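The values are calculated or read from the model by the stated rules, or taken from the named source; none is laboratory data. On a predicted model such as this, the values are computed, not experimentally measured, just so you know. All Cβ positions, even for glycine, are placed from backbone atoms using ideal geometry, and neighbour counts span all protein chains on display. SASA here: full protein model, heavy atoms, side chains in, ligands and nucleic acids out. Shrake-Rupley method; radii C 1.70, N 1.55, O 1.52, S 1.80 Å.
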Amino acid sequence: MRPPVVSAPLIPPGASVLFLDTAAGAPVHPEVLRALWPYLAEEQGNPSSVHTTGRRAREAVEWARATVAAALEARPADLVFTSGGTEANNLAIKGIALARPRGGHIITTAVEHPSVLESCRYLERFHGFRTTLVPVDAVGRVDPATVALALRESPEATLVSVGLANNEVGTVQPVAAISALARAAGVPCHTDAVQAFGAIPVSVRELGVDALSLSGHKLGAPQGVGVLVVRRGLHSEPLIHGGGQEGGARSGTQNVAGIVGLGAAVQRATPTLAERAALLAARRDAFIADVRQRLPDARLTGDPVNRLPGHTSWCFPGVSGESVLVGLDAAGIECSSGSACAAGRTDPSPVLRAMGVPAELASSAVRLTWNESVGEADLARVVEALVKILGFSLR
Ligand SMILES: Cc1ncc(COP(=O)(O)O)c(C=O)c1O
């Protein structure tokens with residue numbers, strides 16, 4: 001594997017740093033900061049306290065719950081605030097499985113986030129569960145027929161969990177079709193909507209899922225807040241025990257400022273979602289066409305059609321992804337080599353491997369994700385930087 005050749009200083013004079021890693025975490029919007037600030041600086045209320053200040057904190061939490069529930073077409077009472085997407089996925093997988101161990105069997109996919117897969121592994125190790133990983137195709141999509149087959153082979157399965165959109169390759173899964181199959185088999189269905197929520201329309205009602213996870217920091221709320229939606233009537237065993245907050249589903253004083261920030265971010269993002277998604281998808285497709293034209297060896301990974309709007313992911317044959325990242329960083333362009341969630345990982349991405357990408361090619365993975373603040377001129381700058389970094393390295 002050859003390092004990329006960097007021929008000249010790359011940062012254009014006067015250019016600012018371009019953040020192309022919104023799949024790892026989007027910046028907190030000033031409006032969101034303004035909304036949450038009083039709950040950090042002035043309001044010291046604990047939402048469980050009976051006095052006026054405590055009641056104000058509780059009202060703020062309930063406002064956020066109603067706001068997020070409305071965006072998801074879910075019942076506010078079905079939302080549990082968590083510390084983020086990882087905890088929401090742990091609570092979904094372990095909580096539902098331990099409350100309803102029927103069959104002792106989870107059906108999921110090989111391309112799930114580690115918080116899903118490691119929760120399944122925990123259930124295998126300590127509670128005797130087994131896990132079926134249904135395969136994905138070359139663009140990372142699950143064929144609902146493979147879930148139907150797994151359900152036929154295991155009609156007593158405990159839970160089906162398929163993420164709505166993949167963080168590394170942006171592929172959007174046919175979750176409504178999968179949940180319909182699970183429902184017909186009488187098996188609850190969970191989806192990890194961490195990457196999808198705020199990027200594409202996400203409705204619990206339309207997806208037909210029994211449980212759904214999301215995370216605040218992917219859509220402009222602060223880090224450290226998330227939600228698990230659990231449909232009424234489906235019990236999930238709590239993982240954190242204590243004072244019985246969140247209806248007993250998740251003990252611990254709520255992160256009031258974070259929760260208000262999530263409510264404010266959702267309130268801000270929802271009305272413009274369709275318009276933003278269309279704009280981002282158009283810019284994404286133009287960028288993909290441009291990269292393919294200028295760097296014919298570059299390979300887009302993931303589904304070119306069923307794909308998150310502000311998401312592209314690439315493999316560059318013969319070059320290490322890490323060195324492309326370093327080159328782009330030197331050019332003032334920040335992105336990632338697939339997933340920010342597996343910090344320090346050096347082995348090729350299991351997601352790409354599950355899609356049949358050879359190990360060597362998988363280690364050249366680079367992910368570029370952005371929001372509407374990144375315009376056409378910015379993306380043109382990214383293409384130029386990639387050409388400079390890779391032009392000499394690709395065959
Ligand atoms: C698909 C997916 N699920 C779960 C998570 C974990 O969310 P959090 O960072 O809030 O723990 C992430 C984080 O990137 C993700 O992309």
Using beta carbons and a limit of 8 Å, which pairs, at least six apart or on different chains, have the first residue in region 82-107 and away from the ligand (no atom under 16 Å from the Cβ) and open to solvent by 10 Å² or more (accessible area, probe 1.4 Å) and the second one charged (D, E, K, R) and part of a helix (DSSP H, G or I)? none
Taking the residues in region 64-81 that are open to solvent by 70 Å² or more (accessible area, probe 1.4 Å) and not small (Gly, Ala, Ser) as candidates, determine which candidate is farthest from the ligand (Cβ to nearest atom). Arg75
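Here is a yes/no grid of residues against (1) in contact (Cβ under 8 Å) with a residue 60 or more places away in the chain; (2) assigned by TED's automatic domain parsing to the domain that holds Glu73; (3) in contact with a Leu (Cβ under 6 Å, 6 or more places away or on another chain):
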residue	(1), (2), (3)
Leu159	yes, yes, no
Gly170	yes, yes, yes
Val175	no, yes, yes
Ala193	no, yes, yes
Ala199	yes, yes, yes
Val230	yes, yes, no
Subset of region 163-177, residues within 16 Å of the ligand (Cβ to nearest atom) and aliphatic (A, V, I, L, M), comes to Leu164, Ala165, Val169, Val172, Val175
Restricting attention to region 9-63, and to residues there that are within 16 Å of the ligand (Cβ to nearest atom) and among the small types (Gly, Ala, Ser), which single residue is surrounded by the most Cβ atoms within 10 Å (Cβ to Cβ)? Ala23
I need a count of the residues in region 108-142 that are surrounded by fewer than 21 Cβ atoms within 10 Å (Cβ to Cβ) and either in a loop (DSSP other than H, G, I, E, B) or in the same structural domain as Ala362 (by TED's automatic domain parsing) (or both). 6
Check Val357, Val326, Val366 and return the single one that is part of a strand (DSSP E or B) and not assigned by TED's automatic domain parsing to the domain that holds Phe197. Val366
Members of region 200-217 that are within 16 Å of the ligand (Cβ to nearest atom), open to solvent by 20 Å² or more (accessible area, probe 1.4 Å) and touching a helix residue (DSSP H, G or I) at 6+ places or on another chain (Cβ under 7 Å): Ile200, Leu207
Cross-chain or 6+ apart pairs with Cβ under 6 Å, region 17-38 first and outside the structural domain of Gly54 (by TED's automatic domain parsing), then within 16 Å of the ligand (Cβ to nearest atom) and among the acidic types (Asp, Glu): Phe19/Glu334; Asp21/Glu334
Scanning for something within 28 Å of Ile259 (Cα to Cα), within 16 Å of the ligand (Cβ to nearest atom) and buried (at least 24 other Cβ atoms within 10 Å of the Cβ), does region 143-162 turn up at least one residue? yes
For Ser251: the one exception among (1) touching a residue at least 60 places away in the same chain (Cβ under 8 Å); (2) open to solvent by less than 20 Å² (accessible area, probe 1.4 Å); (3) not in a helix (DSSP H, G or I): (1)
Look at Val357 and say whether it is aliphatic (A, V, I, L, M) and under 30 Å from Ala274 (Cβ atoms). no
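Just need a number here: residues in region 1-55 that are basic (Lys, Arg), within 24 Å of Glu384 (Cα to Cα) and modelled with pLDDT of 95 or more.
To start, the set of residues in region 1-55 that are basic (Lys, Arg) comprises 2, 34, 55.
Among the residues that remain, those that are also within 24 Å of Glu384 (Cα to Cα) are: 2.
Next cut, modelled with pLDDT of 95 or more only: none.
Residues flagged as basic (Lys, Arg), within 24 Å of Glu384 (Cα to Cα) and modelled with pLDDT of 95 or more within region 1-55 amount to 0.
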Arg141: touching a Pro at 6+ places or on another chain (Cβ under 9 Å) and more than 29 Å from Ala35 (Cα to Cα), yes or no? yes
Tell me, please, whether a residue that is within 25 Å of Asn371 (Cα to Cα), near the ligand (Cβ under 10 Å from one of its atoms), in a strand (DSSP E or B) and of a type in the set (A, V, I, L, M) can be found in region 182-193. no
